[in-house]
Every structure is written in structure tokens, then in C-alpha cells.
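So the structure is just underneath, and the comments pick up after that.
No value in this document is a laboratory result; all are computed from the given coordinates. From a predicted model like this one, the values you see are computed outputs, not experimental measurements. Cβ placement follows ideal geometry from the backbone for every residue including glycine, while neighbour counts extend to all protein chains displayed.
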Ligand SMILES: [Mg+2]
């Protein structure tokens, strides 16, 4: 079973993402900010991280940098979720280590295609 860590400060978004991912047979874990996500990845790296950008405590960008610096042996794929469509914003995320991005709100079809692109689904 593939595992996905859903990182978002919105409980509602985590719930929606969890539902979609569970119908795709993913084992789902949740984190409410980048710090929790980092701890979770260091304890046990998931196959993929679905990453919100704007969060308190530690943002998606800071999480990506910290993950890169952590020396985690099995680096998870990272799909970041954004409400902004700007290319500069997306480029910054990719440069920081994201593998793909998905626009919010996303549906199952969109998420599945993004996970296929990163080689997970
Ligand atoms: Mg947020």
C-alpha cells in the first residue's frame, strides 16, 4: 500500500484529500503544519507528500528546505497545493524541491493524474 502524508492547516482540506486518497487505496497520514510534517517524514518517510503552501508554524516552502537539509534517506515525492496560478510562485516551489503542483480545489481525477506524473499512483 502506498502512503501519503497530507499537510494542510485546514482540517476540511485534509479530510477531502484523505477521502480521495483512500478511494485510491493510499494509507493516509495527516499533519497540520510543516513542522509536524517534517517530524512525520523523519520518523517514517511516506511515498508522497501532498503539501499546502501557506501554513502557520512552518510553511510549505520552509518544509521543503528543511526536508532537503534533513538528509532523509528516502526522500518522498512532493506535490504542492496552491491557490495561486503565478508561474513565478510555481517555479519557486519546484526550485525548492517540489516535484509537481496541483491547483486548489482539486478533484480525484486531477489529483490522480498529478500522482501518476510523479510516478506514485
Ligand atoms: Mg493553508
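Pull up segment 1-25, narrow it to residues that are in a loop (DSSP other than H, G, I, E, B) and closer than 21 Å to residue 64 by Cβ, then point me to the one that is farthest from the ligand (Cβ to nearest atom).
Filtering segment 1-25 down to residues in a loop (DSSP other than H, G, I, E, B) leaves 1-2, 8-10, 24-25.
Then keep just the ones that are closer than 21 Å to residue 64 by Cβ; that gives 2, 8-10.
Details: 2: 24, 8: 6, 9: 4, 10: 6 Å.
Restricting to residues being in a loop (DSSP other than H, G, I, E, B) and closer than 21 Å to residue 64 by Cβ, the top hit is 2.
Just the residues that are over 23 Å from residue 111 (Cα atoms) and within 12 Å of the ligand (Cβ to nearest atom), please, taken from segment 38-76.
Selection gives 56, 57, 58.
Quick check, is residue 35 assigned to a helix (DSSP H, G or I), within 15 Å of the ligand (Cβ to nearest atom) and in contact with a strand residue (DSSP E or B) (Cβ under 6 Å, 6 or more places away or on another chain)?
Here the answer is no, as residue 35 does not meet what is asked.
Quick one: count up the residues across segment 78-95 that are within 13 Å of the chain's Cα centre (by Cα) and surrounded by fewer than 19 Cβ atoms within 10 Å (Cβ to Cβ).
Going through segment 78-95 one residue at a time, the tally reaches 1.
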